[in-house]
Each structure stands twice: as C-alpha cells, then as structure tokens.
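Q: Structure in structure tokens, see below.
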There are 2 protein chains.
Amino acid sequence: MKKLLSSTIVLLLSLTGLSAQNQPPKAMTDYEKGSFPSETNVLRAEYPRVDPVTRKAYFKFHLPLAHTVTVNVGNDVYKGTRDIDGVWSIETDPLVVGFHYYFVNVDGARLTDPNSMSYFGYSVNAGGIEVPEGTEGDYYRFNKDVPHGQIRSIKYHSDINGTYRHINVYVPASYEKGKKRYPVLYLLHGMGENEFGWVDQGHVDFILDNMIAAGEAKEMIVVVMSGDIRTTPEIRSVRGKTVSDIYVDELVPFIDKNFRTLADREHRAMAGLSRGGGQTTTTVLTNHNMDKFAWIACLSGLFGINEENIDTVFGGALADPDAFNKQMRLFHISWGTEENGFRFEGSVAALKKKGINFVSYVSEGTAHEWLTWRRGFHDLAGKLFK
Amino acid sequence: MKKLLSSTIVLLLSLTGLSAQNQPPKAMTDYEKGSFPSETNVLRAEYPRVDPVTRKAYFKFHLPLAHTVTVNVGNDVYKGTRDIDGVWSIETDPLVVGFHYYFVNVDGARLTDPNSMSYFGYSVNAGGIEVPEGTEGDYYRFNKDVPHGQIRSIKYHSDINGTYRHINVYVPASYEKGKKRYPVLYLLHGMGENEFGWVDQGHVDFILDNMIAAGEAKEMIVVVMSGDIRTTPEIRSVRGKTVSDIYVDELVPFIDKNFRTLADREHRAMAGLSRGGGQTTTTVLTNHNMDKFAWIACLSGLFGINEENIDTVFGGALADPDAFNKQMRLFHISWGTEENGFRFEGSVAALKKKGINFVSYVSEGTAHEWLTWRRGFHDLAGKLFK
C-alpha cells in the first residue's frame, strides 16, 4: 500500500492549524447569529452551534467534493444544502433541551464529526450537542458555589471477563476527608452506551453535587458501570456468564472492599436506563438478588410486563405483592410522555392492578432521550435511601 | 430543514444491529488472518485489525457511494482500494509498536471512524489503533497481579478560566487506605491533545502500577492536566492570563489542599511532552518558579535552545550553571531517534557545553509518537523523587 507522505515537519505544520477540522469560514447568516458553539464542541470549534431561544442547532462542513451531506440528530435526519464554495449548511428543527447524539453522513458513510467531544452511543463513538434554554436544567450544570465530589476511574481485573473492566465511581464531596460510610447506587446506561454515559451525557456528578448541597438528596456513592461484557479481542464472549454475574459476584464485593460503604441491602440500590432498566430487573428480581438490593429503579426501562404475565415475569418476583412490597424499599419507574413506542403506561397499569407498590415520574414532552433520564434521575435521587 | 424520519420504534430497531457501523462482511483475505481487532476498537468492531507479527494494520469500510477513501495513520496517508461490492480495503506499512491516531478520509472529508474508541489528538476527536508485538511494552499494560491505583476525574472552578476545569489525578494503590503523604508530578500532553492523553494513549496508570509494584518507581501522585485554557463558549480566551498562571496560582494550591501531598519543591515535579515540554520550561524556568518545582522533564519537548541563546533563553535560568545545577534535582530530557525535524541533539549539546546537568533518554527507532513518550516516561518515572 502506498505511503503518500511522512515527516515530522509535516506533523508540526499540520498540528498548527488544526484546531478545527473541515471548518468553514466564520461568516454566519443572520439566523445563526443568536447561536453559539455547543458546549460539547472541542476547544475553539465554531460548529455545531446551538440557539438557546429557538433551540435549533446549526452545522456547517466544508466538503467541496461530497455529493450528499446529512446529519443525524438522535434518530432524525436533516439534509444539508451546498453553497458554491462547497460549504454544506444544516439547520435542525427545534430540539428538546439537553443532550443529543449526532452523526455526519457523507456520501453514504455514517461518520463522527471530529469537532465534537466523544460520546459513546449507538454502540459507537458519536458526536454530541447540548441544547440549553434559560434556567431549565440548572440542576444538572456545574455550580461553582457548591462542594464537588469526584469521579474515580478504576480498572480492576474480572475473572468472569478474563480481562480488566473499567468503572466510574462517584464519591460525594465529603468522602475524601471523612470517615463516614455511604449507601451505594449501582447505575447502568442504555443499549449502545457505556460506563461514561451517566457521567458525560447524564452529568450525574453535577446533579448529585447540587442536590446534596441543597439537602435534597442523601450522600451516596454511585458506581457507574458497563452493561456489556468487554472481553479481550480474542474472546469477545463469555461462556455461561452474564453481566449480572459480574455485578453480583465480583463488583459488589470489590466496591465493598475498596470503598467505605454501608454494605447491606438496605443501603444498596440498582438502577438503569432503557436496556439498563431491564438489566436491573433481571439482576435483582429474576436472578433472586433481593437479599442484596432493597431499592431499584427503571428509567425508560421497565420492559416485558403485562396483566397476563405478571405472576411469572421476573422469575415470579411480582406474584406475591405483599412479600414484594415488604422487601423493596423503593421501586421507581420513570419515562417520557413522547416515548410512545415503549408503552410504559401499560406496564405500570399492570403493576398497579396487581397491588405492587411503586413510585413513578413522567417527564413532559421528552422521548427516549437524555433529558428524560436526567429528570428521572433527579427525581430518583431525591427518594433514594430515605 | 426537512426532517426525514422520527420514531422511537426506529430507535429500537436501529440500536439493535448497530454494534459496528459501516462494517463490511467478516470474510478476510489470507494476509489479514494473522490479525485481530485493535484493542482500541469499540466492543465487537472487527476493524481496524492489527497483526502483531508484521505490525501492519488493516482497515475496511463499506462505502459503496464514496469516490475516494484514504486513511491517515499519524501523518502517513494510505490509499484504499474498492471491490465490486463497495468495500474499501486499506493495508498499512509496518507500524511502530504502540498507539497511533487515525482518521478516515471520505471524498475529501477528514472524519473519525465511529468504530474506534475516542482519542483526543490533532485538536479533535480522532480514532486510534494499538499495535502490539510480543512482550514489547509489557510495562504499559494492565497486569492483574499488581495492585492498581485510581484515576480521579475532578472538575473544579477556576477564577482565571471563568468556568470549571477538568483534571485527571493518578493516586497509587496505597493512597486510599493509608495516611501517607506523596510527592506530586504535574504532567502535560502535547499540542492538540488534552488531559486524557497520558491516561488513554499513554497508560500512565499502568506504567506506574507496574513500576511501583516492582520497586522501580517511588509512589507518587500524578496530576494529568490540560495545556489549553478551556473557557465557556462565549469567551474562548482569557485576557492576560496563561495556563502557567492556572498551574501555579490555582492548581498547585488546589491539589495540596485536596490530596495528601508533600507540599514543597523537593517533592514537586513538572513534565510534559512536545508543546507540554515547552509549557514546563516556561512555567518553571522562564516564569521563575524554581522555588516551587525541583524536578522537570521534557519529553520530545526541549525547544528553542542553542549555543548562542543559552544565557538568555528561559528567562536566563541557564546563565549560571552552578546555580541551576544546585537548584534542580533532575532535568530529564528524552526523544526518539526518528524525530529528525526537531533536532533535540542540538539542544542537549548546547546544555552540555554550558555545563548544565541533565539526564537524557533516547528511544530507538521511534518518531514524534506515543511509544517515544511511553518509553520516556518509563525512564523518567524510575528517576523521579529519588
């Protein structure tokens, strides 16, 4: 294969001007002028831009050789228009406040915009935009006037995995200097995401910093973990074991050994969004681990329940409502009003009819997306361990 | 702008099959069969692949509509060839062991492969491959048989920045349970990289875990910081202040307040690679902060010195060799034999002639790239705080 060029001088030259790749001239049309660079952009990248009043996003790419350019924002596709200099412009519809994944599609290739910070979604490395609007979402923003916890990035060996696994662990601001022991929430992302989702997309650290400072949430440790079994490249599968086994047999003992936890079921919760909600009910209910977890939550993630199967679903855990209600301190269920395809209302109706205790939170005007989960987590965090 | 499709059902369907984007059929040619997926790939992505014997990398993209597809690996460009099904194949020359950035170029657009984990380089979000070879580099790999430290991800408010800054702080395995105080190394990335470079590309955590366990390095805290001033999107510049001010006026006091440090110059070091080496000499020497740091290192980053300017360069810090040698416990300089454009040999010759004490390490067969810096850090870590 032919090598076209190579030199350390070229490296220096190419590094110098590359603060923004494929970026167009900075001239903006009038309608873009109320916008500013998304906070998710890499340093100094002018696009994508977001408008906090219209909640539209603007993309520009200098791609004179491309034949078609579109952008996916979440699952919506927006077509680009090309000017005579080869700059493609894309304007979205008004977007829901908060975080959205995006891809740029060039002549049929679905690729990632290098000008965005990286957000793992759709099982790949995607771009992201953050749509602000007034004070909406102040609870998930960094606030310089409150004490801040840490996210501890930890790689530990897993016998089940056959390699190391990576977890992100939130500890509250008081953890470092004190002697106190804390309850622990085990928190899962959705399908196609990973253990960075609740941190980078969800801002779980900011939400808890703010709520703890305001006295709205109990201090807690949050183990932000991966819902996939990551193995060495040679293996890529683990025979006869699941992530639930990793959580219960390996991760919980690891956390209790290495952090100052309150190591009993009354102080241990599991929650997850979307598929992570399914992994939560599988781990705690179906796999009979209610002796280890007294608090569970499904954020857009209560699947597979209906009035017909309620006695047998989740390993029969819901068959005896009195026993269930006595054991579980909290069964928290949240979703957005625009998640029509998922029919969570039907699931909770079945729970209600059966007499299962639960608490629900419904996010107005949001779909299967991060604002639903930031809001849902905010509601959940105010109820955990109380 | 037209919205082409939108539905939560589409989301579910699209998530299901999307473990690898634009991925070709798995059939491999004979020469690819000794290869396996790069450890830097997202879960289940089959390409890029690396061959530990030939040290070649293989890329494949299913892009039937593209007219030209090339891949940049570092600064080398490799042309793709298209088969009748629209699968583009790219084979590299033999590569240096270790980590390399890459981009995929589709019809003139330099984009990021969503199938790679994200590595911030060239001031954008790039893909990466990791080339293994036998036991070369065992010192930078995860070893399940040694105790592991933590990387603490911390966001703190900076008055100079006007917003929060993010740092990654390595603490050794003994930190969490003990009462001990530790020396601190402040460590900087190169141009176009950020505070994740030394962790994700450099494996500084694995290197220190391994060396500390073997008794080859002193236990230390490493503050892995950003060399850019990241500001709010509205500002994007800070008048009259530099990152050096952030390090000395804000970061060192923050670290000494929040970690169990040995808070004096004898136990405080600064080091950086490439531009980070320049920021190190600027911060410690030019800005007269030798009262705060007694150990410095430039990894491919000693710039601007020659025999003519040695009395005036770095604010005159090198004019009096006796005074300099008395103050600095270590001046560590490292580079690779293939970095011809940088002429580090000339810089160290000038130091030598002047009588400045320094220790050098030269990496055989490597250029301005991560294997040079992993090796250089390995050598440096064995000499720090001793």
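Q: At a probe size of 1.4 Å, how large is the accessible area of A:Thr135, to the nearest 10 Å²?
A: 110 Å²
Q: Please arrange A:Val284, A:Val96 by accessible surface area, largest first, computed with a 1.4 Å probe and ligands excluded. Before the final figure, lay out the partial values.
A: Details: A:Val284 0, A:Val96 40 Å².
The most accessible residue leads, giving A:Val96, A:Val284.
Q: Using R₀ = 41 Å, calculate the FRET efficiency as 1/(1 + (r/R₀)^6) where r is the Cβ-Cβ separation of A:Asp159 and A:Val53; round to 0.05.
A: Once the sixth-power term is evaluated, E becomes 0.15.
Q: Check each of the GluC sites (Glu not before Pro) in the stretch A:338-386 and keep only those in coil by DSSP with at most 10 other C-beta atoms within 10 angstrom; list them in order.
A: Details: sites: A:Glu338, A:Glu339, A:Glu345, A:Glu364, A:Glu369; in loops: A:Glu338, A:Glu339, A:Glu364, A:Glu369.
Those satisfying the criteria are A:Glu364.
Q: How many percent of DSSP beta bridges within the stretch B:138-381 run antiparallel, rounded to 5?
A: On the way: 12 of 38 bridges.
That works out to approximately 30 percent antiparallel.
Q: Give me the extension gain from B:Thr337 to B:Met28: residue separation times 0.36 nm, minus the current Cα-Cα distance, reported in nm with one decimal. Walk me through the numbers on the way to the answer.
A: On the way: separation 309, 0.36 × 309 = 111.24 nm, distance 3.58 nm.
Working it through step by step, the gained length comes to 107.7 nm.
Q: State the Cα centre-to-centre distance between the stretch A:52-84 and the stretch A:329-367 in whole Å.
A: 35 Å
Q: Simple spin-label model, 7 Å along Cα-to-Cβ: A:Lys257 to B:Asn357 in nm?
A: 4.4 nm
Q: Put the label 7 Å from Cα along Cα→Cβ for A:Lys326; what are its distances to the other copies, in nanometres, shortest first?
A: Result for A:Lys326, in nm, nearest copy first: 8.1.
Q: So how many Å³ per residue does the convex hull of the Cα atoms of the stretch A:138-381 work out to?
A: Values: hull volume 30.6 nm³, N = 244.
Dividing the Cα hull volume of the stretch A:138-381 by its residues yields 126 Å³.
Q: From zero up to wherever the largest Cα-Cα distance of the protein assembly as shown sits, split into 20 Å bins and tell me the percent of pairs in each.
A: Histogramming the protein assembly as shown at 20 Å steps yields 16, 49, 31, 3, 0 percent.
Q: Mind giving me the FRET efficiency for A:Glu176 and B:Glu364? R0 is 45 Å, r the Cβ-Cβ distance, nearest 0.05 is fine.
A: On the way: r = 43 Å, r/R0 = 0.95.
With a Förster radius of 45 Å, E is 0.60.
Q: For B:Asp159, which inter-copy label distances result when the label point lies 7 Å beyond Cα on the Cα-to-Cβ vector, reported in nm to one decimal and in ascending order?
A: Values, ascending and in nm: 5.4.
Q: A further question on this structure: Taking the stretch A:251-293, which chymotrypsin sites (Phe, Trp or Tyr not before Pro) meet the DSSP loop condition and have no more than 12 other C-beta atoms within 10 Å?
A: On the way: sites: A:Phe254, A:Phe259, A:Phe293; in loops: A:Phe259, A:Phe293.
Within the stretch A:251-293, no chymotrypsin sites (Phe, Trp or Tyr not before Pro) qualify (loop, at most 12 other Cβ atoms within 10 Å).
Q: For chain B, set up a GNM with springs between Cα atoms under 10 Å and report which of B:Val146, B:Val243, B:Val362 has the largest fluctuation.
A: Maximum fluctuation in the GNM of chain B, among the listed residues, is at B:Val146.
Q: To the nearest 500 deg cm²/dmol, what mean residue ellipticity at 222 nm is calculated for chain A from DSSP H runs of n ≥ 4 alone, each contributing -39,500 (n - 2.57), summed and divided by the residues? Could you put the intermediate results ahead of the total?
A: Working: 7 runs with 63 residues, N = 386.
My calculation for chain A gives -4500 deg cm²/dmol from helical runs alone.
Q: Quick one: label points 7 angstrom along Cα→Cβ at B:Glu216, distances to the other copies in nm, smallest first?
A: Spelled out, the distances from B:Glu216's label point are 5.0 nm.
Q: Within the set of other residues whose C-beta is less than 15 Å from the C-beta of B:Ile207, count the net charge using Lys and Arg as +1 and Asp and Glu as -1. It would help to have the intermediate numbers written out before the result.
A: Working: positive: A:Lys155, B:Arg141, B:Lys218, B:Arg374, B:Arg375, B:Lys383; negative: B:Glu130, B:Glu136, B:Asp138, B:Asp200, B:Asp205, B:Asp209, B:Glu216, B:Glu219, B:Asp379.
Residues near B:Ile207 contribute -3 overall.
The values are calculated or read from the model by the stated rules, or taken from the named source; none is laboratory data. It should be emphasised that the depicted structure is a prediction, and the values quoted were computed from it without experimental measurement. We place every Cβ from the backbone using ideal geometry, glycine too, and count neighbours over all the protein chains shown. When the accessible area is computed, the model is the full protein with side chains, heavy atoms only, and any ligands, DNA or RNA have been set aside. Shrake-Rupley method; radii C 1.70, N 1.55, O 1.52, S 1.80 Å.
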